[in-house]
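What follows draws every value from the coordinates through simple rules; no lab data is involved. From a predicted model like this one, the values you see are computed outputs, not experimental measurements. Glycine also receives a Cβ, built like all others from the backbone with ideal geometry; neighbour counts cover every protein chain displayed.
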Amino acid sequence: MNGNPWERLKPPAKPIDIKEEALHKASKKVRQISFRGKIVTARRREKKRIETVYKVIKKHLLRCRKILRTYYDSHEFYKDLISIYYPPDNIKIMIKRIEGSIRTLENLYNYFIRQLKTAKTPEEARKIRKEGLGRLVSIPLRQKKIIRETIEIWRYAHRLPSINFEEPIVVIAGPPNVGKSSLVNKLSTAEVRVASYPFTTKDIHLGHFNYKYYRIQLIDTPGILDKPLEERNEIELKAIYVLKHLPDLIIYMVDPSPSRYYEPDIQLKIYNDIKTLFQDKKILFVINKIDKEEIDFTKYIRDKDYIKISILEEIGVDHLKKKIISGLLKETTL
Ligand SMILES: Nc1nc2c(ncn2[C@@H]2O[C@H](COP(=O)(O)OP(=O)(O)OP(=O)(O)O)[C@@H](O)[C@H]2O)c(=O)[nH]1
Ligand SMILES: [Mg+2]
C-alpha cells in the first residue's frame with residue numbers, strides 16, 4: 001500500500017458536462033451505422049445512441065465510486081487527512097448513493113434496449129430513444145451534489161504527498177516561522193515556499209534525498225501552536241497526522257532569534273506536547289537561526305541531543321544531515 005492511491009485516478013466530469021459528453025458522443029457514434037433498411041437501421045441507430053449515453057454516464061459514476069471507495073483502501077495516514085474535511089460517514093453515504101445510481105442506470109438501459117427491440121416504425125424507435133436518453137441523463141443531474149463533492153475530494157486527495165511507507169521518513173515540525181520549509185528545501189528535492197511570516201506552509205510537502213542506495217523522505221509540515229488537540233485547526237491537524245503516522249525521526253525546530261514569533265516558553269511547551277503525544281518516536285531538537293541567536297535554548301532543555309544550525313549561513317547543516325542518518329540507522333533497518 002505505497003504511494004498516494006488517488007494520484008492516478010481520473011475525476012468524474014461535472015454533471016452538466018457528463019450530459020454534454022454523452023449526447024455529443026452519441027450523435028457521433030450514430031453516424032458510423034450504415035443503412036440496412038428503414039426499421040432495422042432505425043433500431044440500430046437508436047440503440048447505439050442509448051448505449052453510448054449509458055456508457056459515458058456509467059464511466060463517470062464508476063470514477064466517483066472508485067475515488068470514494070479508495071478512501072477505505074487507503075493507509076490510515078490518508079484516511080485521517082481526508083477526514084479533516086470529509087467525514088467518513090458522509091463518504092459511506094455517498095458511495096451508497098452512487099451505487100444506487102449505477103443500478104438505476106443499468107436497469108433503465110436494459111429496459112429501453114428491450115423496448116427498442118419491439119419498435120415497429122422508425123418513429124416509435126425515436127420516441128423510445130428520446131424517452132430513454134432523457135431518463136438516463138437525468139441520473140447524473142440528480143446526483144449533482146455528490147458528484148461535485150467527489151470532484152472536491154479528488155482535488156484534495158490526489159495532491160496529497162505520495163508516501164512510500166517502507167522507506168525512511170523524517171518529519172520537520174515546530175512552531176510557525178522557525179525555518180522548517182527552509183530546511184526541507186536545503187536538504188531535499190522539495191521546493192516549498194519560504195516567507196518571513198508565520199503560517200506560510202499550509203500543506204504537507206515531501207522532498208527526497210539519497211543516502212547510499214536509500215531514498216530518504218523529508219516532510220515539511222505546517223507550523224503548530226500550543227493548544228489542545230480538539231482546538232487545532234485544519235492546517236495544524238495536517239501536521240499532527242503526519243507526526244502520528246509517518247516519522248521514523250522527528251526534527252523539532254526552534255527559533256532563538258530576535259525575529260522569533262513565539263517566546264521560548266511557548267516554543268518549548270509545543271516541544272513537550274509533541275514529546276508526550278508521540279512518546280515512541282525519536283525527536284531531534286534543532287536550534288535554527290544561530291546567525292542571529294538571542295535566546296540560549298540549551299539552558300532550558302534537558303536533552304543533550306540537540307543541534308545548532310543556521311540554514312541561512314549554512315552552519316551545522318551537514319552535521320545535521322549526518323545526525324539524521326545516524327538517527328535513522330537506530331530507528332530503521334537503514
Ligand atoms: N536569520 C535566519 N533566518 C532564517 C534562517 N532559516 C530561515 N530563516 C528565515 O525564517 C523565515 C521563515 O522561514 P520558513 O522556512 O518559511 O519557516 P517555516 O518554519 O517553514 O514557517 P511556516 O511555514 O510559516 O511555519 C524566512 O524569512 C527565512 O528566510 C536562518 O538560518 N537564519
Ligand atoms: Mg513552512
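In whole Å, what is the distance between the alpha-carbon centres of region 287-309 and region 1-63?
Result: 63 Å between the Cα centres.
Multiply the residue separation of Ile113 and Lys28 by 0.36 nm, subtract the distance between their alpha-carbon atoms, and state the gained length in nm to one decimal.
28.7 nm
Around Ile283, which amide H atoms from residues at least 5 apart in sequence, or from another chain, sit under 5 Å from its own amide H, with H modelled in the peptide plane?
Ile250
Only four residue types carry charge here, +1 at the Cβ of Lys and Arg and -1 at the Cβ of Asp and Glu. Report the dipole size of the chain about the Cα centre in Debye, rounded to the nearest 20.
So the magnitude is around 3960 debye.
What is the distance, in nm, between label points placed 7 Å from the Cα along the Cα-to-Cβ direction at Ile301 and at Glu166?
3.4
How many nm is it between the label spots at Thr121 and Ile39, if each spot is 7 Å from the Cα in line with the beta carbon?
Computed distance between label sites Thr121 and Ile39 equals 1.2 nm.
Which Cα, out of Thr118, Ile163, Gly134, lies furthest along the positive dipole direction of region 100-167 (beta carbon charges, K/R +1, D/E -1)?
Checking the options against the dipole of region 100-167, the answer is Thr118.
Cut-off 10 angstrom, C-alpha nodes, Gaussian network model of the chain. Which of Ile301, Ile146, Ile287 fluctuates the most?
With Cα springs under 10 Å in the chain, the top fluctuation among Ile301, Ile146, Ile287 is at Ile301.
With +1 on each Lys and Arg Cβ and -1 on each Asp and Glu Cβ, and nothing else charged, work out how big the dipole of region 74-167 is about its Cα centre, in Debye to the nearest 20.
900
What are the chymotrypsin sites (Phe, Trp or Tyr not before Pro) within region 1-72 that DSSP puts in a loop, where the Cβ has at most 11 other Cβ atoms within 10 Å?
Phe35
Region 122-223: which GluC sites (Glu not before Pro) are DSSP loop and have at most 11 other beta-carbon atoms within 10 angstrom?
The qualifying sites are Glu166, Glu191.
How much length is gained if the chain between Glu231 and Glu106 is pulled fully straight, taking 0.36 nm per residue apart and subtracting their Cα-Cα distance, in nm to one decimal?
Computed gain between Glu231 and Glu106 is 40.4 nm.
Search the structure for amide H atoms under 5 Å from the amide H of Ile224, placed 1.01 Å from N in the peptide plane, and list their residues when 5 or more places away or on another chain.
Hits under the 5 Å cutoff: Gly174.
Among the trypsin sites (Lys or Arg not before Pro) in region 1-98, which ones are in a DSSP loop with at most 13 other Cβ atoms within 10 Å of the Cβ? Mind listing them?
Listed in order of number, the matching sites are Arg8, Arg31, Arg36.
Can you give the charge dipole size of region 224-316 about its Cα centre, rounded to the nearest 20 debye, using +1 on the beta carbon of Lys and Arg and -1 on the beta carbon of Asp and Glu?
So the magnitude is around 260 debye.
Could you tell me which residue out of Tyr85, Val40, Tyr71 lies farthest along the dipole of region 32-91 toward its positive end? Charges go on the beta carbon: Lys and Arg +1, Asp and Glu -1, centred on the Cα centre.
Of Tyr85, Val40, Tyr71, it is Val40.
Given springs between every Cα pair under 10 Å in a Gaussian network model of the chain, which of Val40, Val56, Val317 has the largest fluctuation?
Among Val40, Val56, Val317, the largest mean-square fluctuation in the Gaussian network model of the chain belongs to Val40.
If I build a Gaussian network model for the chain, linking alpha-carbon pairs within less than 10 angstrom, which residue out of Leu116, Leu160, Leu218 has the largest mean-square fluctuation?
Of Leu116, Leu160, Leu218, the most mobile in the Gaussian network model is Leu116.
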